[in-house]
Each structure stands twice: as C-alpha cells, then as structure tokens.
Amino acid sequence: MKSSGSCVSKEPAFRQRVADIRRRWRAEGGGSLDGLSVLDGPLNFGVIRRALLPAVRRRSVVLGGHDPDGHLFVVGTSQIPAARQLRTVRPPEE
C-alpha cells in the first residue's frame, strides 16, 4: 500500500516524538527498552494511527491504542458530570 504525501511528512515527526520519549525515559532512570515491541510486523501502523486520531482527539479521551491483532481501543472519562460514588446512602430505619 502506498502512502499519501501528506502522511509521509508526518512520519518523521512521529519518529522524533518516539525518540524524545525514549530519551526522557532513560533520563528518568527507566530501564532498558530492549525487548519491547517496536513498529514492525504485519500491521499497518500508519493506518491504525490515522484511524485512532479522530477518536483520541475528543476531550474526554485519556488513552487510545491497539492490541496485537490491530483492534483499536479508547479509554475515556465518564460522561456523567457528577461523581456517582459520592452519593449519600441512609441506613434503613428500624
């Protein structure tokens, strides 16, 4: 599959962000990155990234990614503005 010109120009920026994350990881005493999965294999990571971008740009989204089979997932915050766990429950009357 051939990449479009606009996506090709974004890939060096992505690689730079990954390199920066690695530098900061090591500067903070992070362990070796050897053995961690890298962007290789049968999946088309550019297509996966482009599919994730609209979803993860939503305000309530905290994290987005994909599993080893390429299935996308997005983790977000609750859509209910009030905290559900903080409601007061009265004990039953005797």
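Observations on the model:
- Residue list for region 53-65, filter: in a helix (DSSP H, G or I) and under 13 Å from G76 (Cα atoms): A55, V56
- The requirement of being at pLDDT below 65, among the hydroxyl-bearing types (S, T, Y) and either open to solvent by less than 60 Å² (accessible area, probe 1.4 Å) or within 18 Å of the chain's Cα centre (by Cα) (or both) is fulfilled somewhere in region 35-57, by at least one residue.
- Qualifying positions in region 14-34 - of a type in the set (A, V, I, L, M, F, W, C) and either over 21 Å from the mean Cα position of the chain (by Cα) or at pLDDT 80 or above (or both): V18, A19, I21, W25, A27
The values are calculated or read from the model by the stated rules, or taken from the named source; none is laboratory data. Being a predicted model, the structure only gives us computed values, none of them experimental. These area figures cover heavy atoms from the full protein model, side chains too; ligands, DNA and RNA do not enter into them. Shrake-Rupley method; radii C 1.70, N 1.55, O 1.52, S 1.80 Å.
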